[in-house]
Each structure stands twice: as structure tokens, then as C-alpha cells.
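What follows is a short report on a single structure.
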Amino acid sequence: MEATTAPTETSPKRITAADRDLGLKLGAVMLRCLSADGGAVVRALDESGIGFLQMKVLVTLAGEHEETPTVKYLSDSLGLSLASASRAVDGLVKQKLVARAEDTEDRRVKRLSLTEAGESLSHRILTARLEGLGVFVASLSPAERSRLDSALELLVERDEIAEVYRRYRKEARR
């Protein structure tokens, strides 16, 4: 009997055992890629003094947004409780990586942006992530590279992936 998960707003389709297995394979590749850099991402986090959750907030804020993000936006987009997102932001504000400003239309709403130091750290984390991926790709045989490239070309056609790809390409050239 195949295990399934009920559809949710973010996952409109039932997840099958085959979906989970493919996800596990993808996860194994991703974990290998992230460790292929010799721990550069972990070192960047350790040196900065921020935790994993704060890194997620920082990297999310570094992305492109239709309007300046709020704690509520971070909570929703990262699947965190409002309290967890707020604590993560508070720590980043104390470290002067994130700035808070009142919304011009509603003073109760606080808009968030990266400071120059936050921009620098998010760029360092992204660079470390990409370096790990580069190390992994360099280890592939020509046949493996070709098959991976074909699969990724297909996926990069999806709008949400194409958007991230364009942003990462732009960041990687900085």
C-alpha cells in the first residue's frame, strides 16, 4: 500500500511513495553538494554568529520581492510561526544585518531590509553554496554532466525556478 499525504495549499497533489523516493534521491544529491565545499557555508555561519534559521531569513530578504518584506511575509514564506520569525529578525537587527522601518501607510507594520553588512553576508553565503555545487559538478563524468544538464534545462523552464536561476546567475557574476 502506497503512503500518501493529503494535499495542502503548497502541495496541491498527493505525495506518493515514488515521489518520496525521488525526493530522497534529490535530497541526497543536495546534501552531497552542500558538503562538497568543505563546509564553507557552515564556516560562514559560524564566523558570522548567526544560526540556520537566521540564515534562512537573511537569504530570503536578499531575494527579490514585490514590496519590502515584513516579519509576517517571512513567517508565511518560510513556514515559521510569527514568534520564530520575529525572534530571528530581532537577532539579525541586533547584529546590524537587518534594518526595520515603519511602513509609510501603517505604522504598526515594520518593513525589513538588509544592511550593507547583511548584503555582504548573504552574498558570502550564496557564494559558498555555489562553490559547493561547482565542486560537485566538477567531479561528474562527461556523461553524468550531460544528463544532469538536460534534466536541469527542463526544470529551469518552470517560472519559479527560472526566476531563482536568473537571480543566482546575476549574483554569481558580482
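In table form, for the structure just shown:
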| item | result |
| --- | --- |
| Count of residues meeting criterion [over 25 Å from the mean Cα position of the chain (by Cα) and of a type in the set (S, T, N, Q)] in segment 96-121 | 1 |
| Candidates Leu121, Leu148, Leu140 - the one that is at pLDDT 90 or above, surrounded by 11 or more Cβ atoms within 10 Å (Cβ to Cβ) and under 25 Å from Thr70 (Cα atoms) | Leu121 |
| All positions within segment 156-174 that are loosely packed, with under 12 Cβ neighbours inside 10 Å and either at pLDDT 90 or above or more than 22 Å from Val41 (Cα to Cα) (or both) | Glu157, Arg158, Asp159, Glu160 |
| Selection from segment 1-37 of residues that are aliphatic (A, V, I, L, M), within 30 Å of Gly132 (Cβ to Cβ) and at pLDDT below 80 | Leu34, Ala36 |
| First in segment 116-128 and within 13 Å of Leu34 (Cβ to Cβ), second anywhere and of a type in the set (Gly, Ala, Ser), Cβ under 8 Å, 6 or more apart | Ile125/Ala44; Leu126/Ala62; Leu126/Ala172; Ala128/Ala40; Ala128/Ala44 |
| Test for Ser86: is it over 17 Å from the mean Cα position of the chain (by Cα) and either assigned to a helix (DSSP H, G or I) or surrounded by fewer than 18 Cβ atoms within 10 Å (Cβ to Cβ) (or both) | yes |
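Matching residues to (1) touching a residue at least 24 places away in the same chain (Cβ under 8 Å); (2) over 24 Å from Ala85 (Cβ atoms); (3) surrounded by 15 or more Cβ atoms within 10 Å (Cβ to Cβ):
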site	(1), (2), (3)
Ala17	no, yes, no
Asp21	no, yes, no
Ala28	no, yes, no
Cys33	yes, yes, yes
Leu45	yes, no, yes
Ile50	yes, no, yes
Val57	yes, no, yes
Ala62	yes, no, yes
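The values are calculated or read from the model by the stated rules, or taken from the named source; none is laboratory data. Just so it is clear, the model here is predicted, and its values are computed rather than measured. A quick note on method: Cβ atoms are made from the backbone with ideal geometry, for glycine too, and the neighbour counts reach across all protein chains shown.
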